[in-house]
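My questions will all concern the structure given below.
Nothing in this text is a laboratory measurement; each read-out follows from the coordinates by a stated rule. For clarity, every value in this text was computed on a predicted model and none was experimentally measured. All Cβ positions, glycine included, derive from the backbone under ideal geometry; neighbour counts span all protein chains shown.
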């Protein structure tokens, strides 16, 4: 019997390995070669002039420590200026995170649950996006999961080295992005409850670890507070609704995939099982881990003027959601059923969002279109900034912000003569445009306009403003959320 069980376990490993390889290749690796989006181009701007400049820019522009940007700078230094190179640190960090997460899920639950949880984790849309995103969220997830694994091992064995590892991982997660603190707090409460009940690791040991981590992150606290107080315009997301909150707790693609898998499994073999022998405290940990990060972002967004209810900001919930999904499937489906549900999770992710979410902002193709039209001629190219920090036209002449507010042009230089426009059309920006456009467009028979979806309000205004001079507008294409328009007079048209 034990031999048959071992053979079955080997088959399961191979089956899940194939599914995991398919998911990570399609969802994590293929998008590495697509155009950088707005915030990724800001990463390039932060690191492009060397490590010293990167440290300074990370602090005042991103409001984060330079930890992640040091890894991106090293990748740029070694591999050169290419999208895949800039994203490689994130891919490697999430690859390590997946390995650590498998070990963590195995400790908290069992190997079968661990396989299912890792697959759900890899097929999560925010996780897949972070894997091919030149931003700090993959590294933060890796540090968060490492802290949970070290903490679990410390509570199980009381070995000091795990406590040291836990402390360092907590500090690293917060240095990567301060919003990971919400998930860390859930892990801390769970550890406190276990320490009081089992007494393998004394509560005083936990308090010392938290104190040490707090001391390590102290330099970051004042910097983050100074950053948010000094930025009049930072929030860009819409106010969240209860439906948005519900969607973060029950991702539609994951829920639909698991439900379809259960239905298919029942139709093929109508057998269900109930129970997994896992402690209630462990399930509550996974539930709290899944709920706390989005709930925290939701509360801040509703109760203050800081709108941060964005999937990448509450990405710390993804390990908790994956643990819950793995536990649910393991508890309710037979081995054959688990295989079917696992396959539907992968199929749902590939059909639900696949690799296309990384093509939603194609600056590379937009700039190629600009070059094809402008060529070497000094054609005016009006570009609206995609950053909300450019809402005030005065920011366009701020020496510290001037370049980063047009970071896509740092990665993908435009042809022609660039004319910089604010983030959105309002009374202030109209006054600014009335001052600069006569000189910029004087004696011109054609010009180009480039803007993200926030900047598209400029195009109708420009069309009306320039109609008296005989200009007509023609769309040269929508490259995801980036649009390019050509304005020309009759004599300039072929």
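May I ask you to sort 15, 102 by Cβ crowding, counting other Cβ atoms within 10 Å and putting the fewest first?
On the way: 15 15, 102 20.
Ranked by crowding around the Cβ, least crowded first: 15, 102.
Then there's this: Can you figure out the FRET efficiency of residue 334 with residue 53, using R₀ = 56 Å and their beta-carbon distance, to the nearest 0.05?
0.45
Which distance in Å, rounded to a whole number, links the C-alpha centroids of region 395-421 and region 126-201?
Cα centres, region 395-421 to region 126-201: 39 Å.
For region 106-187, what does the alpha-carbon gyration tensor say about shape, rounded, prolate or oblate, given a ≥ b ≥ c as the root eigenvalues, a/c under 1.5 as rounded, and a/b over b/c as prolate?
Oblate is the answer for region 106-187, as a/c is 1.5 or above yet b/c matches or exceeds a/b.
Per residue, what volume in Å³ does the Cα convex hull of region 60-115 take up? Display every interim value, and only then the final one.
Details: hull volume 6.4 nm³, N = 56.
Output value, Cα hull per residue: 114 Å³.
Using Cα atoms only, what is the angle between the long axis of helix 427-441 and the major principal axis of the chain, expressed in degrees (0 to 90) to the nearest 10?
50
Moving to a separate point now. So what's the angle, to the nearest 10 degrees on a 0 to 90 scale, between helix 252-268 and the longest Cα principal axis of the chain?
The angle comes out near 40 degrees.
Could you work out how much longer the chain between residue 244 and residue 215 gets when fully extended? Use 0.36 nm per residue separation minus the Cα distance between them, nm to one decimal.
On the way: separation 29, 0.36 × 29 = 10.44 nm, distance 3.58 nm.
The span from residue 244 to residue 215 would gain 6.9 nm if fully extended.
May I pose another question? If Rh is defined by the Kirkwood formula over all Cα pairs and Rg also comes from Cα, what ratio Rg/Rh do you get for the chain? Intermediate results must be reported in sequence, preceding the final value.
Details: Rg = 25.4 Å, Rh = 24.7 Å.
When Rh is taken as the Kirkwood radius, the ratio is 1.03.
If you restrict to DSSP beta bridges whose two residues both lie in the chain, what percentage is antiparallel, to the nearest 5? List each step's numbers first, then the result.
Numbers: 14 of 22 bridges.
Once the DSSP bridges in the chain are tallied, antiparallel ones form about 65 percent.
Quick one: 123, 142, fewest Cβ neighbours within 10 Å first, how do they rank?
Details: 123 30, 142 26.
Sorted ascending by nearby Cβ count, the order is 142, 123.
Now, a different point. Taking the chain as the reference, fit the longest principal axis to its C-alpha atoms, fit the long axis of helix 318-332 to the helix C-alpha atoms, and give the angle between the two in degrees, 0 to 90, nearest 10.
Compared with the principal axis, the helix lies near 40 degrees.
Going by how many other beta carbons lie within 10 Å of each one, how would you line up 443, 305, fewest first? Write out the running numbers ahead of the final one.
Values: 443 4, 305 9.
Taking fewest neighbouring Cβ atoms as first place, the list is 443, 305.
Quick one: what Rg and Dmax do you get for region 363-492 from the alpha carbons, in Å?
When restricted to the Cα atoms of region 363-492, Rg and Dmax are 13.5, 41 Å.
Could I ask something else about it? Decide, for region 303-366, between rounded, prolate and oblate: order the square roots of the alpha carbon gyration tensor eigenvalues as a ≥ b ≥ c, take rounded if a/c falls under 1.5, and otherwise choose prolate if a/b is larger than b/c, else oblate. Show your work: numbers first, answer last.
On the way: a/c = 4.63, a/b = 1.47, b/c = 3.14.
Cα axes put region 303-366 in the oblate bin.
If you don't mind, there's one more thing I want to ask. Rounded if a/c is under 1.5, else prolate if a/b is larger than b/c, else oblate: which is region 243-387, with a ≥ b ≥ c the root eigenvalues of its Cα gyration tensor? Can you show the working numbers first?
On the way: a/c = 4.24, a/b = 1.80, b/c = 2.36.
Oblate shape, in that a/c is at least 1.5 and b/c is the bigger or equal ratio.
Over the chain, what is the relative contact order in percent, taking alpha-carbon pairs closer than 8 angstrom and at least six residues apart? Kindly include the intermediate steps, with their values, before the conclusion.
Values: 786 pairs, mean separation 82.3, N = 494.
Computed over the chain, the figure is 17 percent.
Over the C-alpha atoms of region 13-138, what are the Rg and the largest Cα-to-Cα span, Dmax, in Å?
Gyration radius and largest Cα-Cα distance of region 13-138: 16.1, 48 Å.
Continuing with the same structure: Tell me what the chain gives for mean residue ellipticity at 222 nm when only DSSP H runs of n ≥ 4 count, each as -39,500 (n - 2.57), the sum divided by the residue total, rounded to 500 deg cm²/dmol.
Values: 20 runs with 305 residues, N = 494.
Calculated from helices alone, the mean residue ellipticity at 222 nm is -20500 deg cm²/dmol.
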